[in-house]
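Colleague: Can you keep this structure in mind? I'll have questions shortly.
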Amino acid sequence: MTETLATATTHAARAHARAQSGTVTDGMPIVPASAWPAAPSGRAASLVWAETVPGGRYTSKVLARGTRLRLRDIHGAACANLLLFRADAPHERLNVADTLKVPWQAYLGVGHPLLSDQGRVLATVVADTSGRHDALCGTTHLAGNTAKYGGGELHSQSPAGRELFTVAAAKHDLAPRDLPPSLSFFHGVRVEDDGTLTSTGSAGPDTCVELILHLPVIALIANTAHPLDPAAEFPTTTLEVLAWRAPADLDSLPAADPEYQRAVLNTEDAWAAATSGMEN
């Protein structure tokens with residue numbers, strides 16, 4: 001009742017809104033990102049994205065080529081479901097099948113490329129202290145979360161990844177039909193000898209994975225429970241998202257496999273053609 005009275009008139013609502021200035025919550029971006037209180041050493045001035053994403057929430061950002069993106073599982077139960085679209089040509093997007101097929105590796109780790117459906121590298125994993133990730137299961141859907149947790153809608157207590165991605169995508173003029181299978185970080189899955197997919201869970205709190213972006217991308221992130229999470233109650237905790245300019249990292253990539261190198265060459269060729277006559 002008190003809050004209703006405080007916003008009952010236009011003048012009161014304005015005063016109430018202005019009183020919130022400077023408030024920081026566990027689910028908002030910091031603007032400018034350089035004001036983030038715990039920036040990586042020497043990176044404060046180059047930060048372009050700083051945000052915490054509670055469990056059951058989503059975020060998105062357009063990021064430039066040469067940006068380094070760091071995801072951190074703060075409390076040990078985040079699950080960062082990730083989609084990437086090429087920002088200057090959104091029809092080109094993450095292709096999970098090729099992301100596994102080209103490097104001959106089903107498990108994500110340092111040196112693993114995240115490939116587009118055009119055979120180009122959207123990002124490369126350049127650091128990883130978790131080792132618990134998944135490229136096989138995709139994200140959750142409404143029916144699955146409803147059956148497991150009693151709700152999967154966007155504004156429920158246990159929103160499904162598909163529902164979160166749909167809204168995040170709409171902010172970039174992308175429709176549900178544009179959403180491919182996603183990757184998830186901080187909840188591991190292994191394939192048993194008989195083909196069964198087994199959850200290996202989290203590696204614990206304060207673990208990170210970092211990506212270097214080879215092309216400008218639209219990054220969509222849904223922080224929601226993994227499809228194989230064994231917890232009976234919706235378990236997801238807060239994710240930290242930081243990104244900073246690091247173009248020099250493209251000159252010291254962590255993989256030398258010929259398939260990876262070919263994909264990098266394909267990427268550089270496409271970028272050179274797209275930016276001919278322009279500054280990188």
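Colleague: From the list R72, R68, which residue is charged (D, E, K, R), within 22 Å of D251 (Cα to Cα) and surrounded by 21 or more Cβ atoms within 10 Å (Cβ to Cβ)?
Modeller: Checking each option against the conditions leaves just R68.
Colleague: Which of the numbered conditions does A19 fail, given that it passes all the others? Conditions: (1) touching a helix residue (DSSP H, G or I) at 6+ places or on another chain (Cβ under 7 Å); (2) of a type in the set (A, V, I, L, M); (3) over 22 Å from G161 (Cβ atoms).
Modeller: (1) is the only condition that A19 fails.
Colleague: Exactly one of (1) crowded, with 24+ Cβ neighbours inside 10 Å; (2) under 15 Å from the mean Cα position of the chain (by Cα); (3) over 14 Å from S184 (Cα atoms) is unmet by R93. Its number?
Modeller: Condition (1) is where R93 drops out.
Colleague: Condition (residue is closer than 20 Å to R68 by Cα, surrounded by 13 or more Cβ atoms within 10 Å (Cβ to Cβ), aromatic (F, W, Y) and in contact with a Lys or Arg (Cβ under 7 Å, 6 or more places away or on another chain)) applied to the stretch 231-254: is it met by at least one residue?
Modeller: Yes: one or more hits.
Colleague: Sticking with this structure for a sec: If the Cβ limit is 7 Å and pairs must be 6+ apart or interchain, which residue in the stretch 208-220 that is in contact (Cβ under 8 Å) with a residue 60 or more places away in the chain and aliphatic (A, V, I, L, M) pairs with which residue that is open to solvent by 10 Å² or more (accessible area, probe 1.4 Å) and part of a loop (DSSP other than H, G, I, E, B)?
Modeller: Matching pairs, first to second residue: V209/S130; L213/R65; L215/R65; L215/R120; V217/A87; I218/A87; I218/P90; I218/H172.
Colleague: For the stretch 174-193, check the following and say yes or no: at least one residue is exposed (fewer than 13 other Cβ atoms within 10 Å of the Cβ), under 25 Å from L142 (Cα atoms) and not aliphatic (A, V, I, L, M).
Modeller: Among the residues of the stretch 174-193, at least one is exposed (fewer than 13 other Cβ atoms within 10 Å of the Cβ), under 25 Å from L142 (Cα atoms) and not aliphatic (A, V, I, L, M), which makes the answer yes.
The values are calculated or read from the model by the stated rules, or taken from the named source; none is laboratory data. Just so it is clear, the structure is predicted and the values come from calculations on it, not from any experiment. All Cβ positions, even for glycine, are placed from backbone atoms using ideal geometry, and neighbour counts span all protein chains on display. Ligands, DNA and RNA are stripped out before the accessible areas are found, and what is left, the full protein with its side chains, is counted by its heavy atoms. Shrake-Rupley method; radii C 1.70, N 1.55, O 1.52, S 1.80 Å.
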